[in-house]
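Peer 1: Right, I'll just put the structure down here and ask away after.
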Amino acid sequence: MRILSIARLAGNLLSAATLLCTASAAHARPDTRAMTCAQTQALIQRDHAVVLTTGPETYDRFVRQFGNECDWPEVPISTTVPARDGECGVYRCEEPVNLSDR
């Protein structure tokens, strides 16, 4: 009887942990549309690089303007994302355009 209740308790704990992990994963990526531009920019500055939801089915990785978060040969390029208070200027890693090749 005691072994059965321990097994049941272990099963309940495992189920609860699975639900918590699933809920955390679903809310782990901040949505720029729910934040002000200042909040979005502060989050990027604080974390140096962060993946943010930008639309119903879109997301991207955004970085600080001055930092080493981009892999070579990429550099921080300015872009905008939707924010609660309008368009917001941020940076994401992209390969620079080489005008000398044209």
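Peer 1: Any residue in the range 48-73 that is outside the structural domain of CYS88 (by TED's automatic domain parsing) and in a strand (DSSP E or B) sitting within a Cβ distance under 9 Å of a residue that is among the polar types (S, T, N, Q) and at pLDDT 95 or above? List the pairs, counting only those 6 or more apart or interchain.
Peer 2: none
Peer 1: Among (1) within 17 Å of the chain's Cα centre (by Cα); (2) at pLDDT below 95, there is one condition VAL97 misses while meeting the rest; what is its number?
Peer 2: So VAL97 meets the others, but not (1).
Peer 1: Inspect all residues belonging to the range 32-46 and state whether any of them is assigned to a strand (DSSP E or B) and surrounded by fewer than 16 Cβ atoms within 10 Å (Cβ to Cβ).
Peer 2: Within the range 32-46, none of the residues are assigned to a strand (DSSP E or B) and surrounded by fewer than 16 Cβ atoms within 10 Å (Cβ to Cβ).
Peer 1: Hydrophobic (A, V, I, L, M, F, W, C) and touching a Cys at 6+ places or on another chain (Cβ under 8 Å): is that true of VAL75 in this structure? Step through it out loud before you land on a result.
Peer 2: Numbers: hydrophobic (A, V, I, L, M, F, W, C): yes; touching a Cys at 6+ places or on another chain (Cβ under 8 Å): yes.
Taking the combined requirement at face value, the residue satisfies it.
Peer 1: Report, by residue number, each residue of the range 62-102 that is of a type in the set (S, T, N, Q) and either within 16 Å of LEU52 (Cβ to Cβ) or surrounded by 13 or more Cβ atoms within 10 Å (Cβ to Cβ) (or both).
Peer 2: GLN65, SER78, THR79, THR80
Peer 1: Determine if the range 5-15 includes at least one residue that is of a type in the set (D, E, K, R) and at pLDDT 95 or above.
Peer 2: No, every residue in the range 5-15 fails to be of a type in the set (D, E, K, R) and at pLDDT 95 or above.
The values are calculated or read from the model by the stated rules, or taken from the named source; none is laboratory data. All of these numbers come straight from a predicted model, not from anything done at the bench. When we count neighbours, we look across all protein chains shown, and the Cβ atoms used for this are built from the backbone with ideal geometry, even at glycine.
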